[in-house]
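Notes follow once the structure below has been shown.
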Amino acid sequence: MDPLKYIFQKPMPTGRLAKWQILLTEFDIVYVTRTTMKAQALADHLAENPVDDEYQPLSIYFTDEEVNSVEVIPKYAKTWEMLFDGVVNAKGVGIGAILISPTGQHYPAIARLRLFCTNNTTEYEACIMGMNMEIDLDVEELLIMGDSDLIIRQAQGELETRDIKLIPYREHVEDLSKRFKSVEFRYIPRFHNELADALATLATMLPYPGNVHIDPWEIQIRERHGYCNTVEVEPDVQPWYHDIKRFLKIKEYPEQASGDQKRTIRRFAGSFFLSGEVLYKRTPDLNLLRCVDAKEAEKIMNEIHSRVCRPHMSRYILVKKILRAGYYWMTMEQDCFSFVRKCHQCQIHGDLIHAPPSELHLMSAPWSFVAWGMDVIGPIEPKASNGHRFFLVAIDYITKWVEAVTFKAITKKAMVDFVHSNIICRFAIPKTIITDSAANLNSHLMREKDFEEFGGLIVQDHVNGG
């Protein structure tokens, strides 16, 4: 609360307030409540911070790799691709390169350097190693990609190389480039070069003595957890528990079973119990779960998930419900996940995943009051006392300054007056107005007469990208 307002408007002051009121009566002071300061804020700020005549705006070059990145990398029919990267850390210096054939096959290469290198020289070493490998493979067309903007620009000839240590590297790269029919250097952001960076980091972890040879590795794709037991389906369409049941019943192994397979059957049989012709699975709390085959498992999942009260529970709850009902089979967790994923009603009525279909791009403004976001709120029911039902709101992207006006109806004149009075007259002509209804605003603002008046104002649609 304003202290002057509190002193002057208190009807019966006591103590210090009474003394202050008596002292202030000596002066001819009249207290008036001040109205909104939005229209005066910018003028007061400019008056308190005058600009000198010799002031010149700064010309800043933004070197953010995320802004200057190229996200779409086209694939050429006959062009090989090469990714390279170098790492310098406390463990040593490592370089890595990956050759990608037109068919998509990857050929990785790593090396550890026993010489002093800076970050830039390490990048050059990785690039040269990859180019030499491409020359040995008789590659004619090559696309070289790296996350070092300096190296790529120097190789393209856009930047001059002044460092004495880098001049021999650049000249050697130019000599190697002449041995290709066509070669292109392209900058990519760091998150697109993670595989080459991982190889270079791996090279720094290799021991120094001797040459360390690492056999080509194969990347496996697993669809089950490591703790899950897998049992192959019998060729004669027998249930998965046929061999275990046979061992518990007559103590016989299947024909042509190896020693490891017999040991696995004996280990599995210890956690099962046979009662007549029915096989049960023992649980840690001494309960018994009936073992079922693939056909019975399909019926159980369909009955519990869709038929009984039609709960359509999630995949994790479905597994627990089946175990609580007293049934078991080896791949029940994976089968339940697949069953719920294929349920048509769950796909239609399930919770929507609010994930963008593509990568989000930040809409930044270089300075204050150059980009505004505008939207219409309403209609509001019931109407206000003056009959207004709509709010027209505009907010600056940098300072978050808000301009809001109420209208009875959003017309062309209302839109033009709002932009002219609340934005242009106070904060100059903006460069961009971003809204989710650009078609309506364009129809109001972008006519020939208004376009000349606003000096080239651009209205963008942040939903449709217009």
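The values are calculated or read from the model by the stated rules, or taken from the named source; none is laboratory data. Bear in mind the structure is a predicted one, so any value in this text is a computation, not a measurement. Cβ placement follows ideal geometry from the backbone for every residue including glycine, while neighbour counts extend to all protein chains displayed. With ligands, DNA and RNA removed, areas are computed over all heavy atoms of the protein, side chains included. Shrake-Rupley method; radii C 1.70, N 1.55, O 1.52, S 1.80 Å.
Exactly one condition in (1) at pLDDT 85 or above; (2) more than 29 Å from the chain's Cα centre (by Cα) is not met by residue 414; state its number.
(1)
Are there any pairs with C-beta distances below 9 angstrom linking a residue in region 392-414 that is of a type in the set (Lys, Arg) to a residue that is assigned to a helix (DSSP H, G or I), with the two at least 6 apart or on different chains, and if so which?
Close Cβ pairs (under 9 Å, with a partner that is assigned to a helix (DSSP H, G or I)) amount to 408/414; 412/443; 412/444; 412/445; 412/450; 413/444.
Can you report the number of residues in region 376-411 which are surrounded by fewer than 18 Cβ atoms within 10 Å (Cβ to Cβ) and either of a type in the set (Gly, Ala, Ser) or within 27 Å of the chain's Cα centre (by Cα) (or both)?
10
Can you say whether residue 273 is at pLDDT 85 or above, surrounded by 11 or more Cβ atoms within 10 Å (Cβ to Cβ) and closer than 22 Å to residue 324 by Cβ, as far as the supplied structure shows?
Judged against the criteria, residue 273 is a match.
Failed condition for residue 282, given (1) out of contact with any Phe, Trp or Tyr (no Cβ under 7 Å at 6 or more places or on another chain); (2) free of Cβ contacts under 8 Å to residues at least 24 places away in the same chain, with all others met?
Status for residue 282: all satisfied but (1).
Exactly one of these conditions fails for residue 27: (1) among the aromatic types (Phe, Trp, Tyr); (2) modelled with pLDDT under 75; (3) open to solvent by 100 Å² or more (accessible area, probe 1.4 Å). Give me its number.
Result: residue 27 fails condition (2) only.
So which pairs qualify, if the first residue must be in region 251-263 and free of Cβ contacts under 8 Å to residues at least 12 places away in the same chain, the second must be open to solvent by 50 Å² or more (accessible area, probe 1.4 Å), the Cβ gap must be under 7 Å, and the two must be at least 6 apart or on different chains?
If the second residue must be open to solvent by 50 Å² or more (accessible area, probe 1.4 Å), the pairs left are 252/246; 262/253.
Can you go through 194, 184 and tell me which one is open to solvent by 20 Å² or more (accessible area, probe 1.4 Å) and at pLDDT below 90?
Unique residue meeting the criteria: 194.
May I ask you to verify whether residue 289 is over 19 Å from residue 238 (Cα atoms), out of contact with any Cys (no Cβ under 7 Å at 6 or more places or on another chain) and open to solvent by 60 Å² or more (accessible area, probe 1.4 Å)?
Answer is no for this residue.
Of all residues in region 111-126, count the ones that are over 17 Å from residue 195 (Cα atoms) and outside any helix (DSSP H, G or I).
Number of matching residues: 6.
If you scan region 276-307, which residues turn out to be under 14 Å from residue 244 (Cβ atoms) and out of contact with any strand residue (DSSP E or B) (no Cβ under 7 Å at 6 or more places or on another chain)?
Hits for region 276-307 are 277, 293.
Please identify the pairs in which a residue from region 116-138 that is free of Cβ contacts under 8 Å to residues at least 40 places away in the same chain has its Cβ atom under 7 Å from the Cβ atom of a residue that is assigned to a helix (DSSP H, G or I) and open to solvent by less than 10 Å² (accessible area, probe 1.4 Å), counting only partners at least 6 apart or on another chain.
These pairs meet every condition: 123/151.
So, in region 85-108, of the ones that are farther than 18 Å from residue 168 by Cβ, over 28 Å from the mean Cα position of the chain (by Cα) and touching a residue at least 60 places away in the same chain (Cβ under 8 Å), which residue ends up surrounded by the most Cβ atoms within 10 Å (Cβ to Cβ)?
Per the criteria, the residue is 94.
Quick check: is even one residue across region 326-337 touching a strand residue (DSSP E or B) at 6+ places or on another chain (Cβ under 9 Å) and of a type in the set (Val, Ile, Thr)?
No, region 326-337 contains no residue that is touching a strand residue (DSSP E or B) at 6+ places or on another chain (Cβ under 9 Å) and of a type in the set (Val, Ile, Thr).
Any residue that is more than 17 Å from residue 371 (Cβ to Cβ) and either open to solvent by less than 70 Å² (accessible area, probe 1.4 Å) or modelled with pLDDT under 85 (or both) - is there at least one of those in region 421-432?
yes
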